[in-house]
Amino acid sequence: MKNDGWNDIAYEFGDDEDLNEKLSFILNEACHVFRYHADGNWKEIYKPKYAKMLAEHITKKPSIIKKLLKLKDPVVGNITYAAIEITKNT
């Protein structure tokens, strides 16, 4: 599933509706910024910002990693791998 960055997607990662809402917000924002605000700040500002937000949830529930990568969205994969690295360094 590829997020076009324009239309919000309600992602589902299990029965925890609060987690689904938080992750949906992060992923929708990241995809929107990546696809529609190409101001050259993705690598230095935006990617670390969204990866850090995602890392907080990965730390609490590592099983979401597999579900995130299964989406096969390049932006989601990009911030997921960055989030994994953040969790390794904490």
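The numbers here are math on the coordinates, done by the rules we state, and not lab data. Note that the structure is a prediction, hence the values are computed from the model and not measured. Neighbour counts run over all protein chains shown; Cβ positions are idealised from the backbone, glycine included.
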Residue in region 70-87 that is farthest from Met53 (Cα to Cα), counting only those that are in contact with a Leu (Cβ under 6 Å, 6 or more places away or on another chain) and among the hydrophobic types (A, V, I, L, M, F, W, C): Val76
Residue ranges of helices (runs of 4 or more DSSP H) in the chain with at least 1 members surrounded by 18 or more Cβ atoms within 10 Å (Cβ to Cβ), of a type outside the set (A, V, I, L, M) and within 13 Å of the chain's Cα centre (by Cα): 17-36, 47-60, 74-88
